[in-house]
Amino acid sequence: MKILAIESSCDETAAAVVEDGRRVCSSVVNSQIQEHRKYGGVVPEIASRRHTENIVQVVEQALQDADCSLQQVDAVAVTAAPGLIGALLVGTNYAKGLALAAGKPLIPVHHIRGHIAANYLAHPDLKPPFLCLVASGGHTQIVQVEDYTRFTVLGRTRDDAAGEAFDKSARAMGFPYPGGKYVDEAARRGDPTRYRLPHPKVEGSDYDFSFSGLKTAVINLLHNAAQKGEAVVIDDLAAGFQQTVCQVLTDHLERAAIQLGVPAVAAAGGVCANSGLRASLEGMCARHGWGLYLPPLSLCGDNGAMIGAQAYYEWLAYQPAGMDLNAAASMEMEEAFTPPRQSPLTGIVQVAQSGAENLPKV
Ligand code: KG4
Ligand code: ZN
């Protein structure tokens with residue numbers, strides 16, 4: 001089954017064609033980062049406007065690269081939540097238009113479920129159950145992936161997401177937006193032991209995170225040094241900050257994996273491109289003999305292929321969306337957009353509300 005997938009939840013206009021949830025036929029990502037960089041962060045209205053301008057071309061390119069027409073795909077999928085609402089609405093409405101015009105089923109996908117599914121594209125042997133660390137610009141969660149469409153969030157950030165902490169600390173260190181990858185580069189040259197930074201702890205939870213204290217510590221250290229006219233060795237500060245974040249993320253994941261007895265661990269989201277985090281997760285898994293699944297760097301950040309991968313499993317589990325599908329700025333990843341195909345009580349397969357004429361054999 002070939003799915004055309006669209007992603008526009010933040011500042012990447014992306015589209016891909018993915019077959020059976022596992023094979024990428026094409027993937028086009030148009031990043032707006034250069035434009036937002038001027039403002040030190042993503043400007044929601046600009047993001048929506050650029051998606052509106054670029055989406056037709058990005059989708060056409062994805063179809064062309066996959067050597068197929070809209071008629072030849074079996075369904076249209078789209079990230080419908082969570083994210084910047086104006087940005088999500090562009091993709092969602094465009095996908096609705098395509099599905100309606102071509103008579104194809106419409107599959108809504110949760111962005112974080114998509115990030116996790118990036119691993120299915122890179123690792124043909126990966127199947128749930130497994131435990132996944134999700135670390136992106138907007139989310140930091142430890143997720144128990146019980147099945148392709150069944151999740152339990154065990155821990156989450158109480159304040160800043162890991163990527164947000166990277167970007168805000170990077171900004172204070174003088175790096176351009178988004179600063180995660182610059183901190184990563186600087187940290188490789190630095191000594192992580194020079195500056196003492198607090199290890200963030202959350203009272204009453206084994207798995208929740210808090211990164212705002214660490215970010216504030218970095219900002220205060222830089223301000224205090226500036227006031228005293230002292231120089232800060234940015235490479236060392238970057239190394240100390242990165243090591244602290246990576247340790248906290250790895251420790252929480254390790255605790256959860258031991259407690260649940262899960263033999264396979266995965267990671268997902270933009271921050272998983274971080275070299276320190278990848279090394280620290282590799283060390284943890286080597287110590288315990290756990291399987292480790294990391295997406296390639298090209299699939300860590302936002303892309304359409306991950307949405308196409310997850311969409312296949314959403315299609316098997318849930319009814320397609322109707323033309324009343326709306327986008328949502330926030331939504332828990334455990335929630336579903338549409339009712340299940342099969343009634344959990346009777347086991348009877350329900351008739352899809354739309355696109356029924358295209359139902360494959362499930
Ligand atoms: O998953 P993503 O592309 O977008 C969201 O869904 O948020 O994640 C973007 C985040 C940004 O905060 C960016 O700085 C961070 O991922 N990031 C990194 C690295 N590459 C991207 N953080 C640390 N080290 C990196 N190498
Ligand atoms: Zn993302």
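Does Leu133 satisfy being on the phi < 0 side of the Ramachandran plot, surrounded by 19 or more Cβ atoms within 10 Å (Cβ to Cβ) and in contact with a strand residue (DSSP E or B) (Cβ under 9 Å, 6 or more places away or on another chain)?
Here the answer is yes, as Leu133 does meet what is asked.
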- prompt: Could you give every pair whose Cβ atoms fall below 6 Å, whose first residue belongs to region 162-174 and is polar (S, T, N, Q), and whose second residue is assigned to a helix (DSSP H, G or I) and surrounded by 20 or more Cβ atoms within 10 Å (Cβ to Cβ), counting only separations of at least 6 or pairs across chains?
  reply: Ser169/Lys215; Ser169/Val218; Ser169/Phe241
query: Looking at region 69-91, which of its residues are over 30 Å from Gln141 (Cα atoms) and either surrounded by 24 or more Cβ atoms within 10 Å (Cβ to Cβ) or within 16 Å of ligand 2 (Cβ to nearest atom) (or both)?
result: Val73
query: Do you know which residues across region 259-280 are within 16 Å of ligand 2 (Cβ to nearest atom), open to solvent by 10 Å² or more (accessible area, probe 1.4 Å) and out of contact with any Asp or Glu (no Cβ under 8 Å at 6 or more places or on another chain)?
result: Val271
Filtered residue count, region 290-331, keeping only those that are away from ligand 2 (no atom under 16 Å from the Cβ) and assigned to a loop (DSSP other than H, G, I, E, B): 8
task: Sort through Ala62, Ala117 and tell me the only one that's in contact (Cβ under 8 Å) with a residue 60 or more places away in the chain, more than 16 Å from ligand 1 (Cβ to nearest atom) and buried (at least 23 other Cβ atoms within 10 Å of the Cβ).
output: Ala62
- request: Kindly list, by first and then second residue, each pair from a residue in region 124-146 that is more than 22 Å from Gly163 (Cβ to Cβ) and of a type in the set (Gly, Ala, Ser) to a residue that is within 14 Å of ligand 2 (Cβ to nearest atom) and part of a loop (DSSP other than H, G, I, E, B), limited to pairs with Cβ atoms under 8 Å and residues at least 6 apart or on different chains.
  value: none
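Can you work out which of the residues in region 92-120 that are of a type in the set (Lys, Arg) and touching an Asp or Glu at 6+ places or on another chain (Cβ under 9 Å) is farthest from ligand 2 (Cβ to nearest atom)? Before the answer, list the steps.
From region 92-120, those of a type in the set (Lys, Arg) are 96, 104, 113; that's our starting set.
Keeping just the survivors that are touching an Asp or Glu at 6+ places or on another chain (Cβ under 9 Å) gives 104, 113.
On the way: Lys104: 25, Arg113: 11 Å.
My answer is Lys104.
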- prompt: Restricting the search to region 124-139, which residues are part of a strand (DSSP E or B) and more than 12 Å from ligand 2 (Cβ to nearest atom)?
  reply: Phe130, Leu131, Cys132, Leu133
- prompt: Out of (1) part of a loop (DSSP other than H, G, I, E, B); (2) β-branched (Val, Ile, Thr); (3) open to solvent by 40 Å² or more (accessible area, probe 1.4 Å), what's the single condition that is false for Thr152?
  reply: (1)
message: Tell me whether region 228-246 contains one or more residues that are within 29 Å of Glu7 (Cβ to Cβ), surrounded by fewer than 21 Cβ atoms within 10 Å (Cβ to Cβ) and more than 16 Å from ligand 2 (Cβ to nearest atom).
response: no
task: Could you list, in sequence order, all residues of region 208-227 that are open to solvent by 30 Å² or more (accessible area, probe 1.4 Å) and either in contact with a Gly (Cβ under 7 Å, 6 or more places away or on another chain) or of a type in the set (Ser, Thr, Tyr) (or both)?
output: Ser212, Thr216
message: Within region 307-318, does at least one residue satisfy the condition of being within 18 Å of the chain's Cα centre (by Cα) and open to solvent by 40 Å² or more (accessible area, probe 1.4 Å)?
response: yes
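The values are calculated or read from the model by the stated rules, or taken from the named source; none is laboratory data. Just so you know, these numbers come straight off a predicted model, no measurement behind them. As a convention, Cβ positions derive from the backbone with ideal geometry for all residues, glycine included, and neighbour counts pool all protein chains shown. Note: accessible area is taken over every heavy atom of the protein model, side chains too, but ligands, DNA and RNA are not part of it. Shrake-Rupley method; radii C 1.70, N 1.55, O 1.52, S 1.80 Å.
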